[in-house]
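A.B. asks: Let me give you the structure first, and then I'll get to my questions.
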Amino acid sequence: TGQIERAVQHFAESLALAPDDREVVYYAHANWGFLALLVGDLPQAQQLTAASLDDGRALESAWHMAIPLSVLGMVAHLRGEVATAYDQLRASLDLWHTVGDPRGLVFCLNALADAADFERITRRINGGLNGQPDRLARWKRAREALHIETPAAVKESLTAATTPEVTT
């Protein structure tokens, strides 16, 4: 916790030293919000990351908007707000695609995988739905092996999909 306290102090000092520098304020909000997400303080993560999204919009930068949208999508997912999480992660994915930053794409695709948005992921990776039944079957087996319940919204698509035999 000492490192977390020092990081929070650093972000607060950044805001105090340059309250009118939009980019400094953006990074303080974004980093502090992500740190709040990591430690499980979802209300603070939501508040600070929403502020960084406003800062990113003011900077008129797709990159500066993609980061907070990704984090807000993860916060919504952890809160069980599935529709909101999908919307924010999809919007973020589109921005990451526009920006062309592969780290952001991977970050967002991982978050979408956690939210079980396989169609969107398969379309981004393959340009279509090639291989989707295989990915769904592997995902289902992994969740079963780890004793993780499959979200109800996904069960229907898993049942409808042809599930080929997966070899290990």
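The values are calculated or read from the model by the stated rules, or taken from the named source; none is laboratory data. Please read these numbers as outputs of a predicted model, since none were measured by experiment. Cβ placement follows ideal geometry from the backbone for every residue including glycine, while neighbour counts extend to all protein chains displayed. For the accessible areas, the whole protein counts, side chains as well, though only heavy atoms, and no ligand, DNA or RNA atoms are used. Shrake-Rupley method; radii C 1.70, N 1.55, O 1.52, S 1.80 Å.
A.B. asks: Which order, highest average first, do 8-18, 40-50, 127-137 follow once you tally other Cβ atoms within 10 Å for each residue and take the mean per peptide?
C.D. replies: Averaged packing, sorted descending, gives the order 40-50, 127-137, 8-18.
A.B. asks: Here is a follow-up. Return one quarter of the surface area of the convex hull spanned by the alpha-carbon atoms of the range 1-106, equal to its mean projected area, in nm².
C.D. replies: 6.5 nm²
A.B. asks: Roughly how many Å² of residue 5 are accessible to a 1.4 Å probe, to the nearest 10?
C.D. replies: About 120 Å², rounded to the nearest 10.
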